[in-house]
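Peer 1: Once you've had a glance at the structure underneath, I'll fire off some questions.
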């Protein structure tokens, strides 16, 4: 099946506006010609109008990234959450399926869910988010993913570092410096994991930053909605918490206290995982640079990230990793 998909260098070259509309029509819906490209680089996502006046959101998956089984496992997880009245946005079941194919593309249709970014300066909002994250994780801990990977120092740190160093992405004068600094950072990650010990792994959102939480104030529907489970995987529960905490240590402590006040109404939180906060931040930084490098042949990436792979970019990444190495030597947050 994967071989039918388009070339990874220009994976969406054939995804014309007509193809988008025809794909949605092929799933049993009737479009009215309206469409709007939404902000997404890994996949291609469109808001599409239907002839009954509604809108849907259509995601065309990047070829070769996830297997059908991995995509369907994500769909099953969000459906499981929605069945328990947890505000995740599940894929629509059309003609008995959530994953569809059209002219070599795999796609899924979602209901449109509007909203704004949550106000993370509001303690009540933070506690509210914590309650729903606790409920998500209570479901996520009930059984593991069978096909989706786990977030580990190997696949989010060691492997991305190897890719960058061995494929000559660094300027010659910075290559050795980056290799050494990134090695020190990953040694710090390893020590952080040793301090945390054998923490539980569960099904996560995986990319739970404020851009993937939509807040609504509609009567009877007030509160957060969690969207874009595309990076859902197995991992420690703190992975879904740390990106909501900010950067300053005092702010992190205050925000975490509020989030956990809601979270622990529905799920236990192992305080040993707080040793992983800066380690997970470090892994995300390493993974992010390698992610852009791997996608550089996709024409959307040079246009979206023109500063990537410049001298200044890598100087900033080296400084960032040095700061992370120091941060991982600090005691973990205490709440």
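Every read-out reported here was derived from the displayed coordinates using simple, explicitly stated rules and does not represent laboratory data. Because the structure is predicted, anything quoted here is derived from the model rather than measured. Note that we place each Cβ from the backbone using ideal geometry, even for glycine, and neighbour counts take in every protein chain shown.
Peer 1: If you wrap a convex hull around the alpha carbons of the stretch 131-271, what volume per residue comes out, as a whole number of Å³?
Peer 2: Spelled out: Cα convex hull of the stretch 131-271, divided by residues, is 157 Å³.
Peer 1: Diagonalise the Cα gyration tensor of the stretch 106-211 and give the resulting equivalent ellipsoid semi-axes, square root of 5 times each eigenvalue, largest first, whole Å.
Peer 2: With the √(5λ) rule applied to the stretch 106-211, the semi-axes are 33, 20, 18 Å.
Peer 1: What residue among 102, 226, 60 shows peak mean-square fluctuation when the chain is described by a Gaussian network model with Cα springs under 10 Å?
Peer 2: In this elastic network of the chain, the residue with the biggest mean-square fluctuation among 102, 226, 60 is 102.
Peer 1: For a quick check: sort 80, 85 by the number of other beta carbons within 10 angstrom, fewest at the front.
Peer 2: Fewest to most other Cβ atoms nearby, the residues stand as 85, 80.
Peer 1: On to the next question. Under a GNM of the chain (C-alpha, springs under 10 Å), which listed residue has the highest mean-square fluctuation: 41, 263, 178?
Peer 2: With Cα springs under 10 Å in the chain, the top fluctuation among 41, 263, 178 is at 41.
Peer 1: May I pose another question? Using a Gaussian network model of the chain whose springs link C-alpha atoms within less than 10 Å, name the residue from 53, 180, 223 with the highest mean-square fluctuation.
Peer 2: Sorting by GNM fluctuation, first place goes to 53.
Peer 1: Provide the packing ranking of 87-97, 236-246, 154-164, i.e. peptides ordered by the mean count of other C-beta atoms within 10 Å per residue, highest first.
Peer 2: Packing order, densest peptide first, comes out as 236-246, 154-164, 87-97.
Peer 1: Order of 136, 318, 71 from fewest to most other C-beta atoms within 10 Å?
Peer 2: By the 10 Å Cβ count, ascending: 318, 71, 136.
Peer 1: What would the Debye formula give as log10 I(q)/I(0) at q = 0.11 Å⁻¹ for the alpha-carbon point model of the stretch 60-132, no solvent?
Peer 2: After summing over all Cα pairs, the log10 values are -0.39.
Peer 1: If you don't mind, there's one more thing I want to ask. Within 10 Å of each residue's Cβ, count the other Cβ atoms and sort 84, 195, 284 from fewest upward.
Peer 2: 84, 195, 284
Peer 1: Turning to a different aspect of this structure: Rounded, prolate or oblate: which fits the chain when a ≥ b ≥ c are the square roots of the eigenvalues of the alpha-carbon gyration tensor, with rounded for a/c under 1.5 and prolate only if a/b beats b/c?
Peer 2: oblate
Peer 1: Percent relative contact order of the stretch 126-284, based on C-alpha pairs within less than 8 angstrom and at least six residues apart?
Peer 2: Relative CO of the stretch 126-284 lands at 40 percent.
Peer 1: Let me ask something else. Shape of the stretch 98-150 from its Cα gyration tensor (a ≥ b ≥ c, root eigenvalues): rounded if a/c is under 1.5, otherwise prolate when a/b > b/c, or oblate?
Peer 2: oblate
Peer 1: Which percent, to the nearest 5, of DSSP beta bridges fully inside the chain are antiparallel?
Peer 2: 95 percent
Peer 1: Once a ≥ b ≥ c are taken as the square roots of the eigenvalues of the Cα gyration tensor of the stretch 1-131, is the result rounded (a/c under 1.5), prolate (a/b larger than b/c) or oblate (a/b not larger than b/c)?
Peer 2: Prolate shape, in that a/c is at least 1.5 and a/b is the bigger ratio.
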